[in-house]
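Taking it in order: structure first as structure tokens, then the write-up.
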Amino acid sequence: EKFLPETHAALSPSHQQQDQSFLLALQLPEGLQMFACVIADIIERFTEADTIVMGDVTYGACCVDDFTARALGADFMVHYGHSCLIPIDSTAGIKMLYVFVDIQMDNAHFLDTVKFNFPPGHSLALVSTIQFVAALQAVSAALRPEYEVVVPQCRPLSPGEILGCTSPRLDRKVNAIVYLGDGRFHLESIMIANPEIPAYRYDPYSKIFSREYYDHEAMRSIRLQAIDKARSAQRWGLILGTLGRQGNPKVMEHLESKLESLGKSFTRVLLSEIFPSKLDLMAEVDAWVQIACPRLSIDWGTAFSKPLLSPYEAAVALQQVGWQEVYPMDFYSNQSLGPWAPNHPDNQPARPARIQIQVSRADGCYLVKCVCGEHRETEARYVCV
């Protein structure tokens with residue numbers, strides 16, 4: 001245990017449980033890979049499990065690689081450091097456990113910094129990544145007596161959590177966005193979704209508080225140019241990302257159906273990572289759509305010789321939806337704009353009707369009524385004893 005950092009609470013061996021002999025696959029993000037061997041040793045020391053450390057790059061919660069773990073014969077998979085973006089009931093054939101990593105920080109300094117920079121009464125939206133959500137909740141509670149604090153939620157994410165591709169739209173009355181975390185990748189997501197609200201970043205490591213800016217006009221102009229160029233494409237390339245769960249077959253099927261209805265030809269390509277040099281080898285493709293990470297198109301689209309669109313941008317190019325003046329950052333949102341996003345209702349499996357149980361008491365008996373759906377009812381009468 002002495003080899004694990006005290007600030008990373010979820011890495012303690014006390015979180016591991018003994019079980020019968022089985023093969024366990026460990027997947028950790030790049031920042032935690034240095035602890036992989038230590039964690040594997042702890043598991044094998046305190047349980048009967050054999051472990052496999054999955055070493056492929058893990059950029060985020062979308063990279064949960066249950067497919068590879070299952071192919072390796074693992075009975076159980078533990079994914080460290082990210083939220084439950086892929087539900088555990090979707091990983092058929094292998095049991096799944098998410099271990100959040102709660103990074104401890106100086107909450108008091110963050111609290112004092114916010115109070116120093118914003119006058120009382122301001123409306124503040126506090127957001128972060130999953131590693132700092134616990135600290136975010138504690139600080140937001142401490143701020144509420146003096147500020148109008150909003151901890152927005154974009155389901156299925158946790159309150160206050162944002163992803164690089166998924167952030168909520170905020171009420172215009174919010175005076176500022178305060179992001180708790182290092183780097184800009186996640187912050188840029190909520191900045192893109194709310195271009196009219198000023199954004200600030202507090203780095204919990206350096207303890208630096210800074211105003212952050214984003215060139216919304218340039219981004220929208222560049223993406224519109226790529227979309228306009230793709231409109232005239234005759235042969236399309238559809239890239240299904242194979243890095244964990246980045247690719248979504250339902251979104252792929254939706255795009256295929258739309259292209260077929262327009263008489264466009266297309267080629268399916270499976271790629272774990274997308275590089276300009278790789279796509280240049282397929283020169284006959286006029287435009288690409290990547291079902292992997294929308295930010296790849298937004299941030300690095302200009303590095304590719306042919307238009308590289310996100311599923312939303314492809315929907316605009318194929319005239320399925322109009323161009324949105326506020327670029328939607330709703331890729332994993334349950335309330336996404338259309339079926340080109342994985343969690344749109346059209347892409348979800350049918351769920352069984354919810355059963356409601358109604359209990360009433362009369363004439364010395366309990367009457368239990370089960371209502372399944374809208375019309376099916378069953379009743380049972382139980383004598384009181």
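Of the residues Cys62, Cys293, Cys37, the one that moves most in a GNM of the chain with alpha-carbon contacts below 10 Å is Cys37.
Do you know the relative contact order of the stretch 199-252, to the nearest whole percent, from alpha carbon pairs under 8 angstrom that are 6+ apart? Provide the component values of the computation, followed by the final result.
Working: 23 pairs, mean separation 9.4, N = 54.
After rounding, I find 17 percent.
Helices in the chain, meaning DSSP H runs of at least 4 residues, each add -39500 (n - 2.57). Divided by all residues, the mean residue ellipticity at 222 nm is -7000 deg cm²/dmol.
For the chain, the calculated P(r), taken from all Cα-Cα distances in 10 Å bins from zero up to the bin holding the longest distance, is 4, 20, 25, 24, 17, 8, 2, 0, 0 percent.
Distance between the C-alpha centres of the stretch 263-291 and the stretch 92-133: 38 Å, rounded to the whole angstrom. Measuring how big the stretch 107-212 is from its alpha-carbon positions, Rg and Dmax come out at 12.2, 33 Å. Rounded, prolate or oblate: which one fits the stretch 293-333, using the alpha carbon gyration tensor with axes a ≥ b ≥ c (rounded when a/c is under 1.5, else prolate when a/b beats b/c, else oblate)? Cα axes put the stretch 293-333 in the oblate bin. Springs between Cα atoms under 10 Å define the GNM used for the chain, and in it the highest mean-square fluctuation of Arg223, Arg172, Arg70 occurs at Arg172. Placing +1 on the Cβ of every Lys and Arg and -1 on the Cβ of every Asp and Glu, with nothing else charged, gives the chain a dipole about its Cα centre of roughly 920 debye.
Here the spin labels are modelled as points 7 Å beyond Cα on the Cα-Cβ line, and at Ala283 and Tyr205 they lie 4.3 nm apart.
Relative contact order (percent) for the chain, with alpha-carbon contacts under 8 angstrom and 6 or more residues of separation? Once normalised by length, the contact order is 11 percent. Taking 17 Å as the straight-line reach from the Cα of Lys173, the aspartates and glutamates in range (excluding those fewer than 8 positions away in the same chain) are Glu146, Glu148, Glu196. 3J(HN,Hα) along the stretch 149-163: 9, 10, 10, x, 10, 10, 4, x, 6, 6, x, x, 7, 10, 10 Hz, from the Karplus curve 6.51 cos²θ - 1.76 cosθ + 1.60 with θ = phi - 60°, whole Hz, x for Gly and Pro.
What fraction of the DSSP beta bridges in the chain is antiparallel, stated in percent and rounded to the nearest 5?
Values: 22 of 63 bridges.
Around 35 percent antiparallel, to the nearest 5.
Taking every alpha-carbon pair under 8 Å whose residues sit at least 6 apart, the stretch 216-347 reaches a relative contact order of 29 percent.
Here, each number is a calculation from the coordinates, and none is a lab measurement. The structure displayed is predicted, hence computed values, not measured ones. Every residue, glycine among them, receives a Cβ derived from its backbone with ideal geometry; neighbour counts consider all protein chains shown.
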